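Down below is the structure, laid out as structure tokens.
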Amino acid sequence: YMVEESMLAADYLAEKCGVECEIIDLHCISHIDKDLILQSVKKTGAVVIADTGWTRMGVASEICKIILEHDGSMLKVAPISLGMADSPCPTSHALEEGFYCDMSDVVNSICEALNFPQRLTKEYAKSLRSSFKGPF
């Protein structure tokens, strides 16, 4: 799901801000392709990790650890981890809107890191994926 949202964010950033993003789909978290991640970070000097899980003690933390243990100096900006809010998973439609990450979170995080004024609303992101209804 976050690959799809990240691809929407990358298209938006390329069109509206002239920012190119490289997206990596891990496919599997038990055998993370460390070399692929490190090659990308070396090229860009930045990383945004968008995950469908919690950012603490999960995939995002592990990817940050991989980068920092290899060579943290290749980062030009602090790593950005996006994931579920640090709270129990919601059980209603009303609560899920603020809980799950989407394209707007990816775009807004990248624009903030680059000091771009561009910002997206959750409503705009939602309008692009009207077919996805969430897990509930």
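The values are calculated or read from the model by the stated rules, or taken from the named source; none is laboratory data. Just so we're clear, the structure is a prediction, and the values are computed from it rather than from any experiment. Heads up, the Cβs are rebuilt from the backbone with ideal geometry, glycines too, and the neighbour counts pull from every protein chain shown. Side chains are part of the model used for accessible areas, which takes the heavy atoms of the whole protein and leaves out ligands, DNA and RNA. Shrake-Rupley method; radii C 1.70, N 1.55, O 1.52, S 1.80 Å.
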Q.
Once you compute Rg and the Kirkwood Rh from C-alpha atoms, what is the Rg to Rh ratio for the chain?
A. 0.95
Q. In terms of Cα to Cα distance under 25 Å, which lysines are near enough to K126, apart from those fewer than 8 places away along the same chain?
A. K16
Q | Highest to lowest packing among 4-12, 88-96, scored as the average C-beta count within 10 Å | A | 4-12, 88-96
Q | Student exercise, the chain dipole from Lys, Arg, Asp, Glu Cβ charges, in Debye to nearest 20 | A | 180 debye
Q.
Heavy atoms of the protein only, probe of 1.4 Å, neighbouring chains included. What is the accessible area of T121 in Å², nearest 10?
A. 70 Å²
Q) Top to bottom by accessible area (1.4 Å), largest first, where do F116, F99 land? A) F116, F99
Q: With unit charges on the beta carbon (Lys/Arg positive, Asp/Glu negative), name the residue among L13, L38, C28 whose Cα is farthest towards the positive pole of the charge dipole of the stretch 1-134.
A: L13
Q: Report the accessible area of D71, computed with a 1.4 Å probe over the heavy atoms of all protein chains in place, in Å² rounded to the nearest 10.
A: 60 Å²
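Please report the relative contact order for the chain, taking Cα pairs under 8 Å with a sequence separation of at least 6, and give it as a percent rounded to a whole number.
Answer for the chain is 24 percent.
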**Q.** Positive-end residue, the stretch 37-125 charge dipole about Cα centroid, Cβ charges, pick of P117, S87, G58
**A.** P117
**Q.** Estimated dipole of the stretch 83-126 in Debye, rounded to 20 [Cβ of Lys and Arg +1, of Asp and Glu -1, Cα centre]
**A.** 120 debye
Q) What fraction of the Cα pairs in the stretch 1-70, stated in percent, has a spacing above 16 angstrom? A) 51 percent
Q. Roughly how many debye, to the nearest 20, is the charge dipole of the stretch 1-64 about its Cα centre, given +1 on each Lys and Arg Cβ, -1 on each Asp and Glu Cβ, and no other charges?
A. 280 debye
Q | aspartates and glutamates whose Cα lies under 17 Å from that of K42, excluding same-chain neighbours fewer than 8 positions away | A | E20, E22, D33, E69, D71
